[in-house]
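Below is one structure, written out as structure tokens; the observations come after it.
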Amino acid sequence: MKEKIRTLQTIHLAICAGLSIAYFVIGQPYEGHLKMPILDSSSIVYLIIPIAGFIASSYMFKLQLKKVDRDLKPEENLPIYQTASIIRWGILELATFVLLFLRPDFFLFGIVLIVYLISLRPTEEKITNDIKSATR
């Protein structure tokens, strides 16, 4: 199981590193990006992007985990968990890039999504807990 988890961790690292590098190269951050953007009626719509990304990624993750077989061991359910995780990370990555290209002054919200994505690093304990909670 440790080898399979290491593979998933490598995929996670590649997504996080690639997204971070791309975000900082394309976004070309400067001091002004770290300030809270002005929210008016025309820009409030763009605030929905990170919120929708968070909600959609969590929903799809849980939806995929419902396919877990209760009769199997956690390591036998790992392919389902891998699929669920990659879908979750992909949705968060999409939301981050959409935000960067549509509204670069919302750079700070993209950083929040990247930090959240980094916090989702798979560990054996997280995987076991998520699989067990999905079978309840």
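Checked against (1) in a loop (DSSP other than H, G, I, E, B); (2) within 23 Å of residue 117 (Cα to Cα), residue 25 passes all but a single condition, namely (1).
The numbered conditions (1) more than 27 Å from residue 124 (Cβ to Cβ); (2) in contact with a helix residue (DSSP H, G or I) (Cβ under 6 Å, 6 or more places away or on another chain); (3) of a type in the set (A, V, I, L, M, F, W, C) are all true for residue 16 except (1).
Only one of the numbered conditions (1) in contact (Cβ under 8 Å) with a residue 60 or more places away in the chain; (2) among the hydroxyl-bearing types (Ser, Thr, Tyr); (3) surrounded by 14 or more Cβ atoms within 10 Å (Cβ to Cβ) is violated by residue 57, and that is (1).
Checked against (1) under 30 Å from residue 132 (Cβ atoms); (2) part of a helix (DSSP H, G or I), residue 47 passes all but a single condition, namely (1). In region 2-25, the residues that are among the polar types (S, T, N, Q) reach residues that are modelled with pLDDT of 95 or more with C-beta atoms within less than 7 angstrom, at least six apart or across chains, in these pairs: 9/121; 9/122; 20/114. On the stretch given as region 113-124, residues that are modelled with pLDDT of 95 or more and part of a helix (DSSP H, G or I) total 7.
Based on this model, can you work out whether residue 127 counts as closer than 17 Å to residue 6 by Cα, surrounded by 15 or more Cβ atoms within 10 Å (Cβ to Cβ) and at pLDDT below 95?
Numbers: closer than 17 Å to residue 6 by Cα: yes; surrounded by 15 or more Cβ atoms within 10 Å (Cβ to Cβ): yes; at pLDDT below 95: yes.
Yes; evaluated as a whole, the condition is true for this residue.
Applying the criterion of being in contact (Cβ under 8 Å) with a residue 12 or more places away in the chain and either part of a helix (DSSP H, G or I) or under 19 Å from the mean Cα position of the chain (by Cα) (or both) to the residues of region 67-79, the residue that is surrounded by the most Cβ atoms within 10 Å (Cβ to Cβ) is 77.
Could you say whether any residue in region 80-93 is exposed (fewer than 13 other Cβ atoms within 10 Å of the Cβ) and aliphatic (A, V, I, L, M)? Within region 80-93 (the criterion being exposed (fewer than 13 other Cβ atoms within 10 Å of the Cβ) and aliphatic (A, V, I, L, M)), the answer is no, since none of the residues qualifies.
How about region 1-54: which of its residues are under 24 Å from residue 77 (Cβ atoms) and either in contact with a strand residue (DSSP E or B) (Cβ under 6 Å, 6 or more places away or on another chain) or surrounded by fewer than 10 Cβ atoms within 10 Å (Cβ to Cβ) (or both)? Once the filter is applied, which keeps residues that are under 24 Å from residue 77 (Cβ atoms) and either in contact with a strand residue (DSSP E or B) (Cβ under 6 Å, 6 or more places away or on another chain) or surrounded by fewer than 10 Cβ atoms within 10 Å (Cβ to Cβ) (or both), region 1-54 yields 2, 3.
The values are calculated or read from the model by the stated rules, or taken from the named source; none is laboratory data. Because the structure is a prediction, the values reported are computed rather than measured. Here Cβ is always computed from backbone atoms with ideal geometry, including for glycine, and neighbour counts include all displayed protein chains.
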